[in-house]
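Below is one structure, written out as structure tokens, with a few remarks after it.
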């Protein structure tokens with residue numbers, strides 16, 4: 001069954017869901033990568049303040065956890081999608 005009202009016309013609901021998940025995945029991963037870079041800069045500038053070093057380290061660890069969560073959520077979604085649609 002195709003989705004009505006969309007410009008592509010022949011797009012299905014599974015395509016819409018895949019496009020939405022893909023967009024969210026890339027966006028969240030990019031934000032986590034930016035947070036990791038900011039954390040690394042804060043860690044490098046830790047010679048000025050020990051507080052910056054700790055904040056930077058915590059930000060880098062949080063960004064890595066965020067990236068891991070995004071990747072594992074994508075894998076879980078793909079497994080569920082396989083069992084529902086069989087593709």
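Taken together, the values in this text are just the output of simple stated rules run on the coordinates, not laboratory data. All values reported here derive from a predicted model rather than from experimental measurement. Neighbour counts run over all protein chains shown; Cβ positions are idealised from the backbone, glycine included.
For the pair residue 41 and residue 15, a Förster radius of 30 Å applied to the C-beta separation gives a FRET efficiency near 0.15, rounded to the nearest 0.05.
Using only the alpha-carbon atoms, how far is helix 13-44 inclined from the longest principal axis of the chain? Give it as 0 to 90 degrees, nearest 10. Its long axis makes an angle of about 10 degrees. Compared with the dominant Cα axis of the chain, that is its longest principal axis, helix 50-85 is turned about 10°. Sorted ascending by nearby beta carbons within 10 Å, beginning with the fewest, 25, 50 become 50, 25.
Each semi-axis of the equivalent ellipsoid for the chain is √(5λ) with λ an eigenvalue of the Cα gyration tensor; in descending order they amount to 40, 14, 6 Å.
Over the stretch 13-64, one equal point on each Cα, no solvent: what is log10 I(q)/I(0) by the Debye formula at q = 0.14, 0.15, 0.24, 0.27 Å⁻¹? The Cα Debye sum returns log10 ratios of -0.45, -0.48, -0.77, -0.87.
In this simple spin-label model, placing a label point 7 Å from the Cα along the Cα-to-Cβ direction at both residue 78 and residue 58 gives a separation of 3.4 nm.
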